[in-house]
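Asks: My structure is below; once you've seen it, I'll send some questions.
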Amino acid sequence: MSDYRFHLEKYRYGSKIDCPNCGKKRCFVRYIDEQGTVHFPSSVGKCDHEQSCGYHYTPREYFRDNPEAVSNNDRSIEQIFRQSVIHTRPTPVEPSYIPERIIRTSMSHYDKNPLYQYLCGVFGEEETARLFNLYRISTSAKWGGSTVFWQTDEAGKVRTGKIMLYHPATGRRVKEPQARVSWAHSELRLPDFNLRQCLFGQHLLPLYPDKTVFLVESEKSAVIAAHYMPDVLWLATGGKNGCFNIQTIDSLRGRDVILMSDLGATDAWKDKMPMLQSACRSVAVSTMLEDMAMDEQRSQGLDIADFLLAVPTQRQILHLMIQRNPCIRQLIDELDLVLVED
């Protein structure tokens with residue numbers, strides 16, 4: 001239960017609705033009244049697509065626009081919100097976990113995993129397999145084959161998994177006609193599941209206690225950056241706001257942390273620095289992408305992975321040559337040639 005009377009509805013299967021602003025499916029979270037006396041219309045809530053849509057209609061704005069809704073002994077809006085904090089704090093509920101047997105079963109069928117196939121063309125199968133094993137990424141049968149980014153904590157327990165569909169040719173997420181995103185705990189219909197997210201890659205923190213932590217938004221970006229810059233530890237929040245909270249940030253206690261948001265979200269992440277500074281040894285926000293980006297790139301909200309992948313690897317160049325002239329593949333096989341990468 002929230003500490004506040006008016007708060008965004010806790011996620012459960014089927015709780016999200018279509019956004020009244022952008023019209024995208026199942027991405028809108030409604031506000032609710034903890035006391036159950038105010039029933040907000042479906043337009044009062046927040047869209048998940050903060051950068052492309054940004055719709056957020058709060059209870060305060062609703063009461064301002066609809067003063068007749070304030071009928072509790074003719075109290076003013078400000079009086080309602082001064083008294084809206086619920087001071088009773090419930091006993092913290094332990095997080096639920098995904099059974100390990102499900103994780104083990106899902107770590108297969110990579111021939112049906114579009115992101116795995118794409119990255120094999122970029123890094124090669126050996127390196128892609130290493131990265132998928134390192135970050136515990138697996139395959140779901142949903143949508144004919146998709147990627148599962150398991151959120152594994154420091155104890156090796158899995159809190160949930162984000163399921164996303166990618167284009168095998170481009171490595172980009174499928175967003176049309178609607179975003180193909182779901183959650184493992186919802187798909188599994190686990191009873192009484194108490195979701196408490198953690199950072200993607202959080203299980204790596206004990207393995208690399210001295211590495212500087214780079215926080216990015218996208219799970220895919222963390223994996224790609226880990227290939228190009230393995231000297232630091234790449235973790236993901238799962239979005240601009242993602243799982244930024246006191247419990248999650250506490251896992252970074254005593255660490256040196258650098259925030260690297262997507263283009264357009266740098267200022268929003270600067271606002272989160274005080275929360276991180278209370279736990280981390282040092283915190284900085286990288287402006288490298290903002291400094292080098294062009295206007296078109298900013299409008300697209302590109303991230304570090306987009307810039308890293310913009311420069312083709314030797315393997316990508318060879319793959320393109322084979323596409324243009326299949327005889328090269330035959331020549332490589334007959335002469336048992338091996339690509340030597342710098």
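Asks: Identify, from the list LYS240, LYS220, LYS211, the residue that is at pLDDT 90 or above and either assigned to a loop (DSSP other than H, G, I, E, B) or assigned by TED's automatic domain parsing to the domain that holds SER146 (or both).
Replies: Matching residue, one of LYS240, LYS220, LYS211: LYS211.
Asks: Something else about it: So, SER251, is that one under 17 Å from LEU276 (Cα atoms) and either modelled with pLDDT of 90 or more or not small (Gly, Ala, Ser) (or both) or not?
Replies: yes
Asks: Among (1) surrounded by fewer than 21 Cβ atoms within 10 Å (Cβ to Cβ); (2) not in a strand (DSSP E or B), there is one condition SER182 misses while meeting the rest; what is its number?
Replies: (2)
Asks: Looking only at the range 156-173, count every residue that is in contact (Cβ under 8 Å) with a residue 24 or more places away in the chain and assigned to a loop (DSSP other than H, G, I, E, B) and tell me the total.
Replies: 8
Asks: Residues that are at pLDDT below 80, at least 1 per element: which helices (runs of 4 or more DSSP H) completely within the range 1-114 meet that?
Replies: Here the list reads 59-65, 77-82.
Asks: Determine if the range 163-178 includes at least one residue that is closer than 18 Å to MET107 by Cα and assigned by TED's automatic domain parsing to the domain that holds SER261.
Replies: no
Asks: Within the range 214-245, restricting attention to residues that are more than 16 Å from the chain's Cα centre (by Cα) and free of Cβ contacts under 8 Å to residues at least 60 places away in the same chain, which residue is surrounded by the fewest Cβ atoms within 10 Å (Cβ to Cβ)?
Replies: Per the criteria, the residue is ASP231.
Asks: Here's another thing I want to ask about it. Looking only at the range 117-129, decide whether some residue is in a strand (DSSP E or B) and either over 18 Å from ALA225 (Cβ atoms) or not acidic (Asp, Glu) (or both).
Replies: No - not one qualifying residue is present in the range 117-129.
Asks: On the basis of being out of contact with any Lys or Arg (no Cβ under 6 Å at 6 or more places or on another chain) and not aromatic (Phe, Trp, Tyr), does VAL181 make the cut?
Replies: Yes: the conditions hold for VAL181.
Asks: Restricting attention to the range 184-202, report how many residues are touching a residue at least 24 places away in the same chain (Cβ under 8 Å) and either among the charged types (D, E, K, R) or more than 10 Å from LEU235 (Cβ to Cβ) (or both).
Replies: Residues that pass the stated criteria total 13.
Asks: To continue, here is another question. I'd like to check something: does the range 268-290 contain any residue that is surrounded by fewer than 18 Cβ atoms within 10 Å (Cβ to Cβ), under 30 Å from GLU50 (Cα atoms), at pLDDT below 80 and not β-branched (Val, Ile, Thr)?
Replies: yes
The values are calculated or read from the model by the stated rules, or taken from the named source; none is laboratory data. For clarity, every value in this text was computed on a predicted model and none was experimentally measured. With ideal geometry, Cβ positions are generated from the backbone for all residues, glycine too; neighbour counts draw on all protein chains shown.
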